[in-house]
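Values quoted throughout were computed directly from the atomic coordinates according to the rules given, and no laboratory measurement underlies them. Note that this is a predicted model, so its numbers are computed, not measured. Quick reminder, even Gly has a Cβ in these numbers, built from the backbone with ideal geometry, and neighbours come from all protein chains shown.
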Amino acid sequence: MEIYNLKEMLFPYEQAVKELTLKFEGIRNEYKLLGLYSPIESVTGRVKKMSSILEKASRKKIPPDKIKEKIEDIAGVRILCQFVEDIQKVIDIIRERNGRDLFIEEERDYITNTKPSGYRSYHIIIRYPMNTAMGYMEVPAEIQIRTLSMNFWAVAEHSLKYKYSGNIPMDLQKRLINCAEAAFKLDGEMGTIREEIMHVQKLNEIKSNLVNEIIENLHNLYFKAKLEEMDDINRKFVDIWEEGDIDKLKEFNQQLNVMTEVYKV
Ligand code: 0O2
């Protein structure tokens, strides 16, 4: 690979990032649609900037023709979790796909083996099979899995590293290590109320899905069945909605389901 080819070389990486991001977002949405707690809070992806690729190649003394082979994080996907416990669930989801739509090359556990900087995250290096205009290829990609608080720290530290060109002054480094420990302590404390938070979030998802169904039913009864007593039904819905009782919402939706059955809408 020559430098003048770098832009073209990145095309499949861009596609791989898009596909991987979409897949993990799909898993997250599926959990939510099923009214379940999702271990995936959010997913982002990026292709490393050309300047960063060249900087990393130069720092690691990688010649241009070895960039593709040696820099594994040109395609990067970051999965954020609310709780440390969710990270293992995400790892399991990815391991489950190994040999199917991706191939795991290596796993790096910087949570158990925290980096001296204070960095915590779980990395999975994969090869992602793709059919491109140039034919079949396996695009290397790095999946970083971390909690929101690990991410808060990493993003801040990354900015400082950039500001100081990689040489953060010693006293700032020490403060960053303290911050990393505080962030990890926060993760630990949050873990103690995880069950309760998960329960509330699940209920919220169920409620939101129910409201979607109810509104669709109301829409069909109004526009398709042209029901006359719609005002009463709407008022009943508003009352139940304001009460916020999930069982009453379920019961109301069941009644609407029966009505839509009867009116065949
Ligand atoms: P960017 O801008 O995020 O792409 P090395 O670069 O030698 O540390 P290596 O051997 O490629 O890393 O693999 P490693 O350490 O498993 O993963 C590299 C990526 O992990 C980094 O990419 C960062 O995103 C993240 N990372 C690793 N260590 C740290 C750290 O101490 N602080 C922060 N904030 N992030 C870290 P890049 O290329 O450095 O940066």
query: What ranking, highest mean first, results for peptides 200-210, 81-91 when packing means the other Cβ atoms within 10 Å averaged over each residue?
result: 81-91, 200-210
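Normalised by the residues of region 3-183, what does the relative contact order come to in percent, with Cα pairs under 8 Å and at least six apart?
Working: 251 pairs, mean separation 36.3, N = 181.
In percent, rounded to a whole number, it is 20.
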- prompt: For the cross-link pairs Lys68/Lys161; Lys66/Lys161; Lys7/Lys56; Lys23/Lys66, which exceed 21 Å when the distance is taken from alpha carbon to alpha carbon?
  reply: Lys68/Lys161; Lys66/Lys161; Lys23/Lys66
task: Compute the long axis of helix 246-262 from its Cα atoms, compare it with the longest principal axis of the Cα atoms of the chain, and write down the angle in degrees, 0 to 90, nearest 10.
output: 70
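Please sort 151-162, 166-177 by packing, taking for each peptide the average over its residues of neighbouring beta carbons within 10 angstrom, highest first. Please list the in-between numbers first.
On the way: 151-162: 15.2, 166-177: 12.6.
Highest-to-lowest ranking by the protection proxy: 151-162, 166-177.
Based on the Kirkwood radius over alpha-carbon pairs, what value in µm²/s does the Stokes-Einstein equation return for the translational diffusion coefficient of region 196-262 at 20 °C and 1.002 mPa s? Each step should come with its number before you reach the end.
Values: Rh = 12.5 Å.
So the translational diffusion coefficient is about 172 µm²/s.
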query: Mean separation of Cα pairs under 8 Å and 6+ residues apart, divided by the residue count of region 196-262: what relative contact order is that in percent?
result: 44
- request: Treat the count of other C-beta atoms within 10 Å as a stand-in for reagent exposure and order Glu106, Glu14 from fewest to most.
  value: Glu106, Glu14
message: Please list, in order along region 159-174, the HN-Hα scalar couplings obtained from phi with the Karplus expression 6.51 cos²θ - 1.76 cosθ + 1.60 (θ = phi - 60°), rounded to whole Hz, x for Gly and Pro.
response: 5, 5, 4, 5, 4, 9, 6, x, 10, 5, x, 3, 5, 5, 4, 5
- prompt: Among bridges DSSP assigns within the chain, what percent are antiparallel (round to 5)?
  reply: 75
- line: Computed over the chain: longest principal axis from alpha-carbon atoms vs helix 230-243 long axis, angle to nearest 10 degrees, is 50
- prompt: Going by the alpha-carbon gyration tensor, a ≥ b ≥ c the square roots of its eigenvalues, is region 3-183 rounded (a/c under 1.5) or, if a/c is not under 1.5, prolate (a/b greater than b/c) versus oblate?
  reply: oblate
message: Residues of region 173-189 with the amide nitrogen closer than 20 Å to a label point 7 Å from the Cα of Lys89, along Cα-to-Cβ, please.
response: 186-189
field: ³J(HN,Hα), Karplus 6.51/-1.76/1.60, whole Hz, each residue of region 86-92, x for Gly, Pro
entry: 5, 4, 4, 5, 5, 4, 4
- prompt: Helix 50-59: angle to the longest alpha-carbon principal axis of the chain, degrees 0 to 90, nearest 10?
  reply: 40
